[in-house]
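Visitor: Below is one structure. I have some questions about it.
Please treat every number below as a calculation from the coordinates, not as lab data. Keep in mind the model is a prediction, meaning the values are calculated, not measured. Because the Cβ atoms are built from the backbone with ideal geometry, glycine has one as well, and the counts that use them run over all protein chains shown.
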Amino acid sequence: MKQLILLLVTVSLNVFGQLMMKRGMSSVGVISGDLSLLVDSLGKAILNPFVLTGVAAYGFSTVFWLVLLSRVELSYAYPALSLGYVLITLVSAAILGEQVTTLRWAGVFVIVAGVILVTRG
């Protein structure tokens, strides 16, 4: 049970971090390949509070991930981490208003089925 909680905390922090980084980058704007603009854009990104919050959440996620890896097999933990793909898709649709195609939802279903198979074995 403790391992499941560690896994869920890890995935949740990872998803929250990605959501915050996306929100921050949406306000920063597109980063072009133009070298003269690249440094300025990356500077804005790095100093954006949402990006910083996302990076911090990602860092905490890594701490929980290390604790989890000390307790379970990598062949169990890493595939289960793919639940983040499922949550990101749900969050992207619900919070960010992104359009998720039927084909993507089918892919999410396949991921969920795979995680169930891996965690039961």
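Visitor: Just to be sure before I move on: is Val112 surrounded by 12 or more Cβ atoms within 10 Å (Cβ to Cβ) and out of contact with any strand residue (DSSP E or B) (no Cβ under 6 Å at 6 or more places or on another chain) in the structure I sent?
Guide: Considered against the rule, which asks whether it is surrounded by 12 or more Cβ atoms within 10 Å (Cβ to Cβ) and out of contact with any strand residue (DSSP E or B) (no Cβ under 6 Å at 6 or more places or on another chain), Val112 comes out as yes.
Visitor: Also, I was wondering about something else. Can you tell me which residue among Leu87, Leu69, Leu74, Leu117 is in contact (Cβ under 8 Å) with a residue 60 or more places away in the chain and either surrounded by 12 or more Cβ atoms within 10 Å (Cβ to Cβ) or out of contact with any helix residue (DSSP H, G or I) (no Cβ under 7 Å at 6 or more places or on another chain) (or both)?
Guide: Leu87
Visitor: Can you report the number of residues in segment 90-107 which are surrounded by 11 or more Cβ atoms within 10 Å (Cβ to Cβ) and of a type in the set (A, V, I, L, M)?
Guide: So the count comes out to 6.
Visitor: Can you pull out every residue in segment 21-37 that is within 24 Å of Gly59 (Cβ to Cβ) and either out of contact with any Gly (no Cβ under 8 Å at 6 or more places or on another chain) or of a type in the set (Lys, Arg) (or both)?
Guide: Selection gives Lys22, Arg23, Met25, Ser26, Ser27, Val28, Ile31.
Visitor: I've got another one for you. Out of all the residues in segment 40-63, is one or more exposed (fewer than 14 other Cβ atoms within 10 Å of the Cβ), charged (D, E, K, R) and within 22 Å of Leu13 (Cβ to Cβ)?
Guide: Taking every residue of segment 40-63 in turn, none turns out to be exposed (fewer than 14 other Cβ atoms within 10 Å of the Cβ), charged (D, E, K, R) and within 22 Å of Leu13 (Cβ to Cβ).
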